[in-house]
1. For residue 479, work out the one condition from (1) over 32 Å from the mean Cα position of the chain (by Cα); (2) among the acidic types (Asp, Glu); (3) surrounded by 17 or more Cβ atoms within 10 Å (Cβ to Cβ) it doesn't fulfil.
2. Filter region 146-160 for residues that are in contact with a Gly (Cβ under 8 Å, 6 or more places away or on another chain) and crowded, with 23+ Cβ neighbours inside 10 Å and give the result.
3. Show the residue pairs meeting these rules: Cβ distance below 9 Å; 6+ apart or different chains; first residue within region 29-52 and under 22 Å from residue 307 (Cβ atoms) and of a type in the set (D, E, K, R); second residue modelled with pLDDT of 70 or more and not in a loop (DSSP other than H, G, I, E, B).
4. State which residue pairs qualify: first residue over 21 Å from residue 336 (Cβ atoms) and inside region 57-73, second residue among the charged types (D, E, K, R) in any location, beta carbons under 7 Å apart, and separation of 6 or more residues or different chains.
5. Quick one: is residue 208 hydrophobic (A, V, I, L, M, F, W, C), surrounded by 19 or more Cβ atoms within 10 Å (Cβ to Cβ) and either more than 30 Å from residue 108 (Cβ to Cβ) or modelled with pLDDT under 85 (or both)?
6. Scanning region 227-251 for residues that are modelled with pLDDT under 80 and part of a helix (DSSP H, G or I), which turns out surrounded by the fewest Cβ atoms within 10 Å (Cβ to Cβ)?
7. Looking at region 104-131, which of its residues are among the hydroxyl-bearing types (Ser, Thr, Tyr) and surrounded by 23 or more Cβ atoms within 10 Å (Cβ to Cβ)?
8. State all residues of region 326-342 that are touching a Phe, Trp or Tyr at 6+ places or on another chain (Cβ under 9 Å) and assigned to a helix (DSSP H, G or I); if no residue qualifies, say none.
Amino acid sequence: MEKSLNSHETPRQSVSPTMLLTMVGGMALFWACFFAMLMRNSFLDPGIDRLWYHLALRIAFFIGFGACCLTISRAPEGLPSPRARRAMTGFVAAFCLIAAVSSTAYAVLGTPLPLAFDLAAWGLSGAGLGCLLFSWMPAVSRLDERSVARCMALSTACGGFLYLVINLLPSYFSIVMLVVCPLVSLAVERVVGHEAGPDEGLRIPLAVSQEKAGLSWAFGVIYIVYGIVFGLGAGSITQLAGDPLLFAGIAGFALAGALAALAFMHRFAGRMRQIDVLRMVFPFLVVSLVSMALFTGPVYALSNLLLLAVYVFLVVVSMAFEVHTAHNRHAAPLYFVGMSQGVLGCGMAAGFALGLLPAAAGATNYAVLSGVALGLVVVLAAFITFAPSRRPADDDDAAEAPEQEHEQGRWKARCTVVAREAKLSARETEVFFLMAKGRGIEHIQNKLCISSHTVKSHTYNIYKKMGINSREELLDAIEAANPDDA
């Protein structure tokens, strides 16, 4: 059974620095556009003098983005069909067209277009950027764990810098950048996808991914509440003056969140669960929300930017964790990432909606809403601490075992027989059991906290004692063993 599972596992690649930098650059163009739509910008917002209008547009954007993520996550075979990919390309092109029309109208007329048009345009823009993100996910999903972490974190950091550049340019140049960036990103993705080869290994039926995911109701509650808190924070940034200092602050804190995520993933690769990440960000959420409720001026602005850094950290770490978890569970990465980002996007829309209520009545003070958000964080803490949530990364070993308990026991018994007959040492036996699950050198060294050289040395000794020369022969030896001899 284990051999059958691993025979369909997607090979994860260590890429050259050139290819990794190409992917980072391509995805950075997506993040630059995403930050421009999420935060204040110099080319769309100046023509809007009503706070509630800003918030309504962001609500439409995240409804479109969340709906796109959830729809793509439901792909029957784990990847969009050729027809769906053409539709995704069309949505990206629609984003570029809408950005050109809306931005030019703002620049020429100095006022926004009719509300109904703007809401539809921002909703389609959210769907377009969602399609661009998931156009990249198959290529990212082929990378090994550390390369995924580097790609996600560095592309987000570079995207924050590009966001700053776009907002410091004259308006017409900013509009051109907003229109061109998604098209260039999509073109780079096509080149990278062609170089990486076919992605048939990522085609896993939706029913299989749903069965192996084990997502509970608590998963949805946690991510929706997080989204509400982050939506409130992003909405409060919208009311700040859109000047170069704010743009630099947004870019700087996005960079800080991305680099913190990269350092975290390198430090705890393979040794921390998603639930631990959610618990870890609590202190930062509490500090930022309390400061938003009690202070004004620069402290208030810095509190909002700290919340942005936490959002970037959580998104980057979550997406990298979910790609890794999907491989561990032999499920579709797009299902895991699409579900989490879709639910988080819906929560963001709800957070902006909470800010819209007082803004529509003429209020601009977010202190009360910060208190509401703090209460949500407390509720969220209770969910994470006590609710029986089962996130995808919570239980690697259980998910990696054969589906039925009886078969799992017989497979382990076979492994025990082989290890005993080969007279493997205790550490060699640990390495042997991980190899039997299809684990590679990087996973084994992280799991057992040993160096790659030590893993290779144990592997050599195991092969020598068993009289074999390959992983395939190792699996054959396990299948040939009699579990009743254990």
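The values are calculated or read from the model by the stated rules, or taken from the named source; none is laboratory data. Since this is a predicted model, take the numbers as computed values, not measurements. Backbone-built Cβ (ideal geometry, glycine too); neighbour counts: all protein chains shown.
1. All conditions are met except number (3).
2. Within region 146-160, 155, 156, 160 meet the criteria.
3. Filtered contacts from region 29-52: 40/54; 40/167; 40/237; 40/246; 40/247; 40/250; 45/54; 45/106.
4. 57/118
5. It is false that residue 208 is hydrophobic (A, V, I, L, M, F, W, C), surrounded by 19 or more Cβ atoms within 10 Å (Cβ to Cβ) and either more than 30 Å from residue 108 (Cβ to Cβ) or modelled with pLDDT under 85 (or both).
6. 237
7. Of everything in region 104-131, just one residue is among the hydroxyl-bearing types (Ser, Thr, Tyr) and surrounded by 23 or more Cβ atoms within 10 Å (Cβ to Cβ), namely 125.
8. 326, 334, 336, 337, 338, 339, 340, 341, 342
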